[in-house]
Every structure is written in structure tokens, then in C-alpha cells.
1. Compute the length gained on full extension between A:L543 and A:T52: take 0.36 nm times their separation in residues and subtract their Cα-Cα distance, giving the result in nm to one decimal.
2. Would you mind checking the tilt of helix A:422-436 against the longest principal axis of the Cα atoms of chain A, expressed as 0 to 90 degrees and rounded to 10?
3. Cross-link partners among lysines for A:K469, C-alpha distance below 18 Å, same-chain residues fewer than 8 apart left out?
4. Within a 10 angstrom radius of each residue's Cβ in A:114-120, how many Cβ atoms of other chains show up on average? Whole number is fine.
5. Solvent-accessible area of B:D36, probe 1.4 Å, all protein chains present, reported in Å² to the nearest ten, please.
6. Angle, helix A:157-168 long axis vs. longest principal axis of chain A, Cα atoms, 0 to 90°, nearest 10?
7. What figure, in Å² to the nearest 10, do you get for the accessible area of A:Y221 with a 1.4 Å probe and non-protein molecules left out?
8. Compute the relative contact order of chain A as a whole-number percentage, counting only Cα pairs closer than 8 Å that sit 6 or more residues apart in sequence.
Amino acid sequence: MADTKEESRIGVFICHCGTNIAGSLSIEDVKKYAETLDGVVVADDYQYMCSTPGQSKIIDAIKEHNLNGVVVAACSPRLHEPTFRTATEEGGLNKFRFEMANIRDQNSWVHMHDWEGATEKAKDQVLIAVAKCRMLEDLQPKSVPVEHAALVLGAGIGGMQAALDLASAGIKTYLVEKLPTVGGRMSQLDKTFPTLDCSQCILTPKMVDVGRHPNIELRTYTEVEKVEGYIGNFTITLRKKARGVLDPTEAEARGYVGGGCNGCGDCAEVCPVIKPNPFEMGMAPRKAIYIYHAQVMPLLYTIDFDSCVKCGLCVDACGPEKRAIDLESVDTFEEIKVGTCILAIGYDYIPIEEKREWGYKQFDNVITGLEFERLICASGPTTGHLIRPSDGQTPMKVGFVLCAGSRDNTGGVAKPYCSRFCCMYCLKHAHQIMEKIPGAVPYLFYMDIRAFGKMYEEFYYRVQSEGAKFIRGRVANILEDPTTKNLTVYTEDTLLGRPVAMEMDMVVLAAAVQPKADAEKIRQMFGVSKSQDGWLLEAHPKLNPCGTTTAGIYLAGVCQGPKDIPDTVAQAEGAASAASIPIHTGEVQLEPYFAQCNEEICAGCGMCLNQCPYGALALVEKNGRTVMEVTEAKCKGCGTCGGFCPGGAIKMQHFTSPQICAQIDAFLLKGEDY
Amino acid sequence: MTDENWNPKIIAIICNWCSYAGADLAGGARIQYPPDVRAIRVMCTGRVDPLFIMKAFQDGADGMLISGCHFGDCHYLEGNYKCAKRMFLVKTLLKNIGLNDKRLRMTFVSASEGAKWGEVMEDVVKTVKELGPSPIKKYQR
């Protein structure tokens with residue numbers, strides 16, 4: 001056994017967690033075993049160790065037995081380590097004199113039918129924890145100041161709400177958006193369920209607020225290039241994409257006083273390049289110099305340099321006074337410093353054309369829900385007249401395929417999860433058809449109608465009573481009549497128990513949603529994990545739904561999982577609140593798991609330097625020798641240098657080599673020498 | 001080849017952010033697996049010194065598992081790469097001393113892969129049981 005400087009006086013406390021632990025293994029045996037261990041002076045058990053009386057047991061025992069180490073055998077340190085560290089500190093010990101044995105999440109819950117095996121494992125877990133506890137040292141957490149600024153990535157409704165909340169709480173907030181305008185997906189929608197508010201009407205005030213707020217630094221047409229640092233001190237490099245158009249401030253900076261884009265649109269009129277408009281789902285044209293939609297914020301034209309032919313007509317049209325167009329503009333970079341970040345990067349739709357059986361992109365009259373939104377919207381390509389793409393006629397029978405790619409385990413582009421808002425927007429579409437086209441009938445092909453929110457079920461009843469038809473069955477396939485371009489929908493009516501074939505004028509697919517294409521890149525830059533289905537992973541689904549496992553990074557909106565507008569806004573407000581806490585506190589405590597160099601052993605080989613991804617290590621001259629030096633502010637405590645040092649000169653605090661070796665020895669040798 | 005009642009001694013060194021969280025998730029989901037593995041938590045698999053592995057085998061471990069984040073997911077950017085590179089070295093060392101290198105395993109289990117953690121546990125225990133007790137034990141007494 002390794003030598004310890006002081007005599008170990010360890011208390012072991014075993015939690016029953018009700019029957020969560022006590023129901024699967026023998027607490028009594030573990031306790032008796034713990035008492036026999038080297039250095040253990042007291043072992044105790046309790047129903048709920050995390051409760052106030054449970055914690056009091058620890059605090060009292062520290063004082064009574066003059067303990068210098070505490071081991072709690074209970075749930076996961078990822079859950080309750082902070083709780084018990086606080087109790088250890090209250091008992092008068094340094095809070096790092098605490099070690100946890102995870103006998104619930106990694107024992108009693110996973111070996112529920114193996115009493116003997118689980119008990120043996122629990123004994124070993126306590127043994128391993130005691131072995132480490134014997135070697136723990138006092139450590140001081142490092143306190144670092146927090147930058148009084150925040151970053152919100154993505155300016156959809158979630159990002160805008162989060163930015164407004166942070167800014168209104170007095171925090172300088174950088175709102176970064178990839179597109180040339182704020183607004184996000186919501187600006188493409190016509191109405192919102194179940195209130196039927198006009199989407200733009202409730203969105204534009206927020207867009208204007210975002211533009212006007214003195215604490216919001218808006219960065220549109222900008223992407224994140226690089227993320228460095230940690231909670232309190234993130235350094236983020238932004239890439240402002242070449243826009244080709246100067247705003248009045250930029251124009252003034254170039255000496256064109258009174259110049260810059262005023263949104264008049266003369267440039268777009270003369271532009272000869274015509275491309276499909278992605279905002280209108282490709283159903284309307286767009287010039288190479290464009291505004292994203294009529295209500296853009298900021299009102300500033302943008303050149304799509306992928307399609308611009310640099311003919312210069314727009315420069316002439318803009319004129320010598322405004323001089324707003326610069327065809328030679330290039331990407332620029334900006335470095336910002338923020339304390340916390342909120343990711344609100346939104347979602348995409350699955351490429352539903354890959355579900356060949358529904359014929360999207362094969363048949364003209366099969367469209368998606370988002371295309372329907374544009375067709376029914378008064379500001380859309382048809383000024384709100386719902387028409388069939390094949391012949392411009394008004395459809396009288398419109399089929400809706402719900403769960404198109406959601407709740408589908410067939411693989412490919414299909415997703416096993418529920419996309420959560422399709423049921424409700426299909427109901428809304430059904431209502432809109434009946435409202436706008438007298439005599440038209442919507443047919444909804446559904447598996448279940450999930451009307452879960454406030455006033456949603458009532459809206460479902462309303463649409464039913466208005467005359468929408470509901471057919472419970474998953475659509476098998478859709479075929480087109482080549483002459484009439486009408487569509488036949490084949491399904492099984494599972495309520496009647498027989499196959500049906502129904503002719504429709506038009507079919508709308510409620511395509512499943514999926515994480516944004518660049519979510520993976522962004523996630524890795526910010527160090528955020530993903531769930532099995534690819535959405536960004538929250539720290540805890542119930543207790544920390546806005547946070548992530550990386551301190552200082554928070555989530556809002558659909559990027560964390562499908563949700564509708566009310567839930568997105570609610571989560572955004574939660575994330576803003578969470579992100580403002582470290583900023584308002586002014587400082588954060590970092591766990592002191594820093595690398596330390598034992599200069600007597602260090603040979604100055606420098607092999608550790610390129611192990612460190614943070615550049616925290618450097619070679620310095622000390623007392624005539626070359627040795628490694630750690631910059632604590634840069635060290636994040638991964639221990640990669642310590643795992644590599646050929647001489648064993650690097651000490652990783654709280655995860656030292658002697659501590660880990662003691663854990664290995666304890667289990668394998670059980671106190672004997674080999 | 002092996003005694004029915006023989007329980008292998010397997011040590012897992014797993015990272016706090018992915019595999020340890022995945023193992024906790026397996027617990028929450030009540031995924032059942034054999035109880036033979038003892039986990040040691042480190043912040044990152046980059047912390048794993050090849051000497052820890054050699055020490056464990058010297059002490060008579062029948063198997064070892066190192067489990068971290070998927071490539072690209074490392075909480076510390078690239079600790080798992082650094083660890084994975086070392087594992088090739090250690091596996092060669094194990095072969096050179098006459099130990100089957102299947103006794104050492106590196107896996108990548110994310111915080112959302114509770115079910116995968118269960119599968120890894122089943123598989124590691126099965127592999128080590130098939131290989132039988134570590135031959136190193138024979139030579140030590």
C-alpha cells in the first residue's frame with residue numbers, strides 16, 4: 001500500500017436510496033466490509049444520504065471521529081458530488097477530501113437480479129473509493145472573473161427571445177445569425193396554431209426590438225469560426241461573410257457620408273441574374289442581389305456571390321451618392337469575448353423526396369408543409385391563393401400525410417421520434433383551407449393526433465366540427481394520374497379495418513424535422529454532446545434542460561429536440577436566465593484539476609507540449625535547467641499530458657498517478673502484496 | 001476451459017463526460033449487464049497512462065476496458081485520439097509479453113448511449129471469460 005503522510009481517518013456512508021440500492025444488494029454486508037478496510041474509522045448507512053438528516057450524519061461524524069476523508073456510496077458523482085462536497089466542507093474538511101462510490105446508477109440499477117454479484121461489486125466500489133480517499137489532498141477551487149457579455153447563436157424566435165432577455169438584464173449580447181436577416185423559420189410561416197395569430201405580426205415586433213436594443217450587437221450574415229476558452233472567458237472568432245453591400249455605418253467609415261444601403265431596391269430591379277428564392281421554397285424568383293423577405297431586419301440588401309456575375313449594373317443603379325455596393329468585398333473576421341453562450345441553431349426538414357413512395361419531387365401536386373405555408377401566405381408567391389402547382393387550379397380535396405418520416409423505424413431518412421408540431425400545423429392548414437376555399441375538404445391521414453398543448457385539443461375539435469376528414473392510417477403510397485395530375489392516396493383505414501384509395505387534388509407531406517446540417521460542426525466547436533437522434537444534448541432532461549455538460553454553454557429551441565413556438569420561447573427564456581447567472585455573479589469557481597510539474601523529475605524533453613490542445617504547457621529555464629511550466633488559466637484538467645509524460649513528472653491534481661494506481665491495486669490485490 | 005464459477009477481474013477506466021455519463025444512463029434505463037467490471041473515473045481518457053494498464057495486468061487483471069467519447073466529441077478536443085494512439089502501443093506490449101491483446105479493449109460510448117454501454121459490458125465480460133484467467137497470475141507466486 002502506498003504511504004500516506006498522515007494517518008487516514010475515513011468515514012464511509014452508504015445510502016439506501018429508499019429501495020433503489022437497498023433492494024438489490026446487502027447494505028449491511030457492504031457496511032461490515034467497509035469497517036474492516038484500512039483507514040476506515042467509521043461506517044454508517046442511512047435511507048437517504050442526500051437528505052438533511054443524512055448530510056448531518058456526515059457532518060457530525062467528521063467532527064466526532066476527527067475524519068480526514070469522506071466516502072459516500074450512493075448514486076452518481078455526476079448527480080450528487082456537489083451536495084456531499086458541501087456537506088464535507090460544512091463538517092470542516094476541504095471539500096476535495098471526498099470520494100464517491102457509484103453503487104446505484106452503475107450497480108444496483110444494472111444488476112437488479114444478482115444480489116450476490118451486486119453486493120460483491122458494491123464492496124469493491126467502496127474499497128476502490130476508500131483507496132483513493134486515503135490519498136486525497138486539500139485543493140483550492142480557482143475563481144475566475146466572468147466577461148460581462150453573452151453570445152446567442154441563431155436569431156430565430158428562440159435566439160431573439162434569449163438575446164432580448166439577456167440584453168434587458170443589462171448584459172451586452174452578441175446575436176449571431178447565418179442568414180442576412182433575423183427571424184428564422186417563423187418568418188416563413190403564415191399563421192400560428194392554435195390562436196391563428198399571423199406569424200409575421202407577432203414576430204416583427206421582436207425583430208425590430210432586436211435591431212433597436214442598445215445592448216444587442218447584431219451580427220447577421222455571420223458564422224462562428226472558432227471557439228476558445230471556458231465558462232466566463234470564451235474567445236469567439238466570427239466570420240462576417242462578404243455581403244457586397246455596405247450599411248450606412250460602414251459607408252461612413254469609408255468616407256461616403258450619407259451613403260450606404262437604404263433598402264430602396266433599385267439594385268435588384270436591374271440585376272439580370274434570376275435564381276429560385278429559398279425563402280419561398282423555390283416557388284418564386286430571386287435576384288443575385290436580394291433581401292431575404294419583405295420584413296428583413298436589418299433592411300440591407302445582400303449579394304449572393306455564388307450567382308453574381310459582377311456585371312456592375314447594380315453599382316450604377318445604386319448611384320454615386322449611396323455607393324452602397326462593393327462587388328469586391330471579402331469575408332472579415334472579428335474576435336469577441338463573452339462569458340456564456342446560448343445555442344439556438346434551429347432545425348432542417350428531412351429530404352422527404354427520398355421517401356419515394358410519397359412522390360415528392362416526382363409529382364407536381366405533392367408539396368411539403370412549409371411550401372403550403374408559403375402558398376397560403378398573403379405575402380407568398382401566390383399572394384395567398386392556394387393553387388395546384390401543376391395547373392394553377394384551386395384544389396378542392398387536399399390530403400395531408402402526417403408523420404411523413406416521423407415515428408418511422410424503417411431507416412433511411414426516416415426518424416423514430418415524433419416531430420411534435422406537425423399534427424398541429426396540419427390541423428391549422430386544414431382550417432385555413434376550409435376558411436379560404438368554400439367547399440374544399442381537407443383529408444388528414446394520421447396515426448395519432450397529438451394535440452398536447454394549451455388549447456390544442458380544443459382546436460382539434462374545432463377543425464373536426466368544421467368538416468375536416470380524419471382517416472387513421474399510415475399512407476402506403478401515392479400515385480399520380482398522368483393526365484389530370486390528380487393523386488391517389490393508398491392507405492388502410494385502421495378504424496374500418498380495410499384498405500382505401502382516395503383521389504386528391506393535392507397532397508401535403510408533414511415532413512419530419514432533423515438537426516441542422518451544420519449542427520455537428522457547431523456542436524464540436526462548442527464541445528456539446530448530442531443525443532442518440534442527433535439533437536444537442538441537454539445536461540439533464542428534467543433538472544437542467546437548458547444547460548449542457550460544457551459549463552457556460554446553454555441550449556434553446558428545436559436544436560435541443562423538436563418543439564413548437566411556445567416551448568421554444570419558454571426554453572429560450574430559461575436559457576437566458578441560466579446564462580445570465582454566471583455573468584451577474586461576476587465570477588465562477590473552476591475545479592482545480594490542474595496539471596502540475598514536478599521540476600525535480602522533469603527532464604525538459606517537451607514531449608508533453610503537443611499533447612495539450614490548449615497550449616497550456618511551455619518549457620522554461622529554472623535554476624539552470626529546462627523544465628515544463630503549466631499556465632493554470634489555460635489548463636482544463638483533462639490530464640492528457642499526465643498520461644503521456646515518460647518520466648511521470650506531471651501531477652494531475654485529484655487524479656494523480658498514485659491515486660489511480662492505488663485504486664487499481666486496491667481492487668486487484670485487496671491489500672495483499674503480490 | 002474456464003471454471004463456471006470463475007468471475008473475471010476487469011477494470012474499466014472511463015471518462016467523466018461520455019462513457020461515465022453513458023454508464024449512468026444505462027442505470028437510469030435499468031439496462032441489465034454482468035457485474036464483473038469495476039470502473040475508475042477520470043476526466044478524460046487522455047489521462048490514461050499506459051503504465052496504469054501494465055500495472056493492472058501485472059496485478060493480475062483478467063481484462064481492461066478504456067472507454068471515452070467518440071472521435072470529435074471529446075470534452076477536451078482530442079484527449080480520446082491521444083489515448084487511442086497509445087492503445088496501439090500498449091496492445092503491442094501486451095502481445096510481446098505473451099498476453100492476448102483482446103484483454104485490453106478501447107470503446108467509445110457517448111453520454112446518450114446507455115444501451116451501448118450495456119452491450120459493451122456484456123461483450124467485454126464475454127470476451128474475457130472466453131480467454132480465461134490471466135496467465136500472469138500463475139507466474140507470480
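The values are calculated or read from the model by the stated rules, or taken from the named source; none is laboratory data. If you're wondering where the values come from, they're calculated on a predicted model, not measured in any experiment. Reconstructed Cβ throughout: ideal geometry from the backbone, glycine too, with neighbour counts over all protein chains shown. For accessibility, only protein heavy atoms count, side chains too; no ligands or nucleic acids. Shrake-Rupley method; radii C 1.70, N 1.55, O 1.52, S 1.80 Å.
1. Numbers: separation 491, 0.36 × 491 = 176.76 nm, distance 1.98 nm.
Answer, rounded to one decimal: 174.8 nm.
2. Value to nearest ten degrees: 20.
3. Result set, ordered by chain and number: A:K397, A:K428, A:K436.
4. Numbers: counts 4, 0, 1, 4, 1, 1, 3.
Mean inter-chain Cβ contacts per residue within 10 Å come to 2.
5. We get 10 Å² for B:D36.
6. 60 degrees
7. 30 Å²
8. Working: 1440 pairs, mean separation 86.1, N = 674.
Normalised by residue count, the contact order of chain A is 13 percent.
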